[in-house]
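The values are calculated or read from the model by the stated rules, or taken from the named source; none is laboratory data. None of the values given here were measured: they were computed from a predicted structure. Cβ coordinates were reconstructed from backbone atoms using ideal geometry, including for glycine residues, and neighbour counts include every protein chain displayed. SASA here: full protein model, heavy atoms, side chains in, ligands and nucleic acids out. Shrake-Rupley method; radii C 1.70, N 1.55, O 1.52, S 1.80 Å.
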Amino acid sequence: MSVAMVGAEPRAVRIEVHVGAASEKFNLVGLPDTSIREAKQRVKAAITSSGHNFPHRTITVNLAPADLPKAGADYDLPIALGVLAAAKTIPHFSRVVVAGELALDGAVRRSRWAIGAGLLAAKRGWPCLVARSDAPSAARVPGAEVFGIASLAEAVAFATKRPEPTLPIVHDDPADDGIDLAEVRGQPFARRALEVAAAGGHHMLMVGSPGCGKTMLAKRFPALLPFLSDQEAVEVACLWAAADRHRRFSNQPPFRSPHHSASMAAILGGGSLHPTPGEISLAHHGVLFLDELGEFPPHLLNALRQPLEEGTVTIARRGASLTFPARSQVIAASNPCPCGFSGDRLVSCRCSAAEIARYRKRLAEPFLDRFDLRIAMSAPDPDSLLGPPGEGSATIRLRVGLAREKQLLRAEGTNAQLGRQALDRLVYEDAAVGLIGVALRKGFLTGRGADRVRRVARTIADLAASEQVEEAHVAEAIAYRSSF
Amino acid sequence: MPAKVWVEGTLPSLPGVAIVGSRRSTSYGNRVAAQFAAAVVGCGWPVISGLARGIDGVAHRACLDAGGTGWAVLGSGLDTVYPKQHESLARELIATGGGLVSEYPPGTPPAPFRFPARNRIIAALAEVTVVIEAAVDGGALITARLALEMGKEVLAVPGDIDRPVSRGCNLLIRDGAHPVLGVDDLVELLSFALGPPPRQLSNRTSAQGVTIEAALAQSEASVGETLADLVRRQLSE
């Protein structure tokens with residue numbers, strides 16, 4: 001048994017080997033691609049190098065189900081074991097998930113699908129054999145029994161006598177990638193908004209002139225988020241593997257920051273034969289940072305709307321469609337105008353009114369509406385730049401974690417994900433409801449904006465460990481609804 | 001003076017400030033017009049203009065955005081708003097307590113010769129006329145001249161000496177109009193002419209940007225509390 005991935009979902013692939021009449025033939029069936037066809041040479045060399053005889057018979061290898069296209073060198077090891085078992089060199093071998101590429105000397109190389117193999121094994125309750133270097137991360141799949149092996153010989157030994165399973169890697173997170181929110185001096189407003197966004201999982205937009213610290217803040221945002229659970233980290237790892245990207249198995253939330261010239265397929269996912277996840281899925285359970293939001297083509301921003309709302313992205317292809325998870329939190333930054341200095345205190349703007357109008361029009365209201373927090377930033381106060389460093393990420397992450405726990409007790413997800421009904425069940429102080437009413441009547445809020453404010457206010461209340469949403473929480477939430 | 005005028009909405013009850021200027025305004029003019037209109041409205045005075053393209057439209061828009069009331073004097077019947085893009089602006093003016101004024105009966109189409117004529121109504125309705133940008137042969141300069149003839153105050157915003165659309169304003173200043181050098185200057189000059197402002201100029205952007213940072217820098221309370229405070233103050237205005 002081995003594993004194939006359909007999108008980011010592991011599918012079981014059964015390896016059947018038949019050894020027939022004496023003659024040297026090697027048939028491989030079951031929609032293999034070229035890299036699998038070449039398995040013959042690698043398997044043959046590896047078996048010989050490991051001191052076993054490669055049977056001089058007609059060998060037929062079937063990769064079932066026959067109609068699922070398969071790709072990659074990960075089938076080398078299971079095919080080799082199947083050949084040896086069929087030739088009765090080793091005992092019959094089944095109910096094991098195996099994935100790994102073979103070197104000519106019999107060494108087992110890493111596999112893209114090690115985590116997928118772990119997931120499949122956990123689902124079936126079977127043991128899982130992967131390369132030794134892959135084993136610690138595959139073992140992180142909750143419930144998986146993983147054995148790391150370095151060579152074909154060790155895999156053969158496994159068939160006769162089982163060794164101790166590999167232990168999952170203990171926390172691999174130094175969390176210290178050298179950047180910390182403490183480095184951002186000043187900007188108390190934006191810092192607080194980031195904390196609220198992190199605590200409630202809210203999408204956030206920062207608008208301000210170049211150099212005011214938008215990008216710096218955004219890059220430090222993931223460090224405020226709680227660590228991923230193993231389950232979440234496994235989902236992320238599968239998506240990255242499906243996109244053929246390397247990422248150390250980690251409980252750190254991923255951070256992606258695609259450039260505004262990126263194509264629709266790069267951001268949402270695509271590809272014809274084997275659709276791969278896009279940036280929005282690579283940022284699953286993490287942060288998708290859209291810098292220079294106003295420079296992204298409007299059709300792309302429109303296409304982002306639905307995935308952001310639903311947490312999944314569906315790629316339709318001839319015959320079938322694939323769905324990738326895409327529950328990422330968007331942090332966006334934008335200049336207020338093409339030259340960037342409209343409304344700046346020190347530098348005057350060089351844009352005409354028409355240019356500014358055109359620029360803002362790109363950020364259409366329906367898209368801006370997806371941001372629970374929208375803040376206007378200005379260049380930091382010069383005094384604060386010389387002042388003491390700000391509060392560190394780790395302290396803020398603690399508060400964020402506490403606030404998140406409260407949310408999980410109340411509902412399935414974060415406050416940002418609260419549905420209408422869940423939102424209506426929240427308890428608000430009378431004065432809080434009154435304040436929303438005043439803001440609505442005075443035109444500070446739209447109907448949709450009021451819903452966003454209610455969610456954000458709940459998060460602020462969670463940060464304050466308050467059962468009820470108070471008037472002060474709503475008032476603060478309204479402060480994050482700047483209009484541009 | 002016209003024998004009669006048509007009014008849709010109301011008529012101003014307080015002395016108003018006319019903000020007028022060229023239809024071919026520059027980004028500088030638009031910016032100043034918007035700032036000035038917001039400041040005038042922030043002080044509680046109504047804004048009066050001609051609903052034309054350029055400065056007029058910007059002033060009306062800024063006035064409404066700042067939550068003020070404004071009046072537009074048209075050079076056509078009240079049923080034909082010109083330019084057409086400003087129809088919604090006209091409707092908003094009426095809906096927010098301001099109005100439209102014209103000396104022409106409904107059904108009168110806009111015509112170039114009617115616009116200078118409506119300028120005298122603008123000059124008459126307003127106590128002070130602020131000219132933002134004007135060419136030497138522009139309608140805004142006509143409004144300014146008429147206002148002076150009626151013995152009313154005219155303020156002008158200085159501009160580049162080599163730009164045609166600034167020339168009118170610079171001429172006005174040379175001939176004795178008061179130059180306005182900024183929002184504070186404007187408020188001061190207006191209070192000389194109109195008396196103390198009906199309300200204190202409050203910074204309407206106080207829930208965002210610069211003033212937020214200033215408030216946070218001064219406040220002893222937590223960031224969240226300070227923000228909540230700012231919003232409360234703004235909503236209770």
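Between A:V438, A:V453, the distinction of being under 19 Å from A:M206 (Cα atoms) and either in a strand (DSSP E or B) or within 13 Å of another protein chain (Cβ to nearest Cβ) (or both) belongs to A:V453 only. Considering (1) within 14 Å of chain B (Cβ to nearest Cβ); (2) over 20 Å from A:A223 (Cβ atoms); (3) in a helix (DSSP H, G or I), the lone condition that A:R399 does not fulfil carries the number (2). Taken over the stretch B:14-36, the criterion of being within 14 Å of chain A (Cβ to nearest Cβ) and small (G, A, S) is satisfied by B:G21, B:S22, B:S25, B:S27, B:G29, B:A33, B:A34.
Filtered by the rule that a residue be among the small types (G, A, S) and over 20 Å from B:R120 (Cβ atoms), the stretch B:55-95 gives B:G57, B:A62, B:A66, B:G67, B:G68, B:S88, B:A90, B:A95.
Filtering the stretch A:364-387 to residues that are more than 14 Å from chain B (Cβ to nearest Cβ) and either open to solvent by 20 Å² or more (accessible area, probe 1.4 Å) or without any contact (Cβ under 8 Å) to a residue 12 or more places away in the chain (or both) leaves A:A364, A:E365, A:P366, A:R370.
Matching residues to (1) at pLDDT 80 or above; (2) touching a Lys or Arg at 6+ places or on another chain (Cβ under 8 Å); (3) in the same structural domain as A:G211 (by TED's automatic domain parsing); (4) in a loop (DSSP other than H, G, I, E, B):
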site: A:L273; (1), (2), (3), (4): no, no, yes, yes
site: A:L301; (1), (2), (3), (4): yes, yes, yes, no
site: A:C351; (1), (2), (3), (4): no, no, yes, yes
site: A:A357; (1), (2), (3), (4): no, no, yes, no
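Screening A:A262 on (1) of a type in the set (A, V, I, L, M, F, W, C); (2) part of a loop (DSSP other than H, G, I, E, B); (3) within 12 Å of the chain's Cα centre (by Cα) shows it passes everything except condition (3). Number of residues in the stretch A:79-100 that are touching a residue at least 24 places away in the same chain (Cβ under 8 Å), surrounded by fewer than 24 Cβ atoms within 10 Å (Cβ to Cβ) and out of contact with any Gly (no Cβ under 8 Å at 6 or more places or on another chain) equals 9. Of the residues making up the stretch A:388-409, those that are over 25 Å from the mean Cα position of the chain (by Cα) and open to solvent by 50 Å² or more (accessible area, probe 1.4 Å) are A:P388, A:P389, A:E391. Counting only residues that are open to solvent by less than 50 Å² (accessible area, probe 1.4 Å) and within 15 Å of A:S328 (Cβ to Cβ), the stretch A:239-251 holds 3 of them. Of all the criteria given as (1) modelled with pLDDT of 85 or more; (2) assigned to a loop (DSSP other than H, G, I, E, B); (3) open to solvent by 50 Å² or more (accessible area, probe 1.4 Å), the one not satisfied by A:E235 is (2).
Quick one: would you say A:E412 is within 32 Å of the chain's Cα centre (by Cα), surrounded by fewer than 18 Cβ atoms within 10 Å (Cβ to Cβ) and within 12 Å of chain B (Cβ to nearest Cβ)? Judged against the criteria, A:E412 is not a match. None of B:G182, B:G139, B:G159 is open to solvent by less than 40 Å² (accessible area, probe 1.4 Å), in the same structural domain as B:D56 (by TED's automatic domain parsing), farther than 21 Å from B:P2 by Cα and touching a helix residue (DSSP H, G or I) at 6+ places or on another chain (Cβ under 6 Å) except B:G159.
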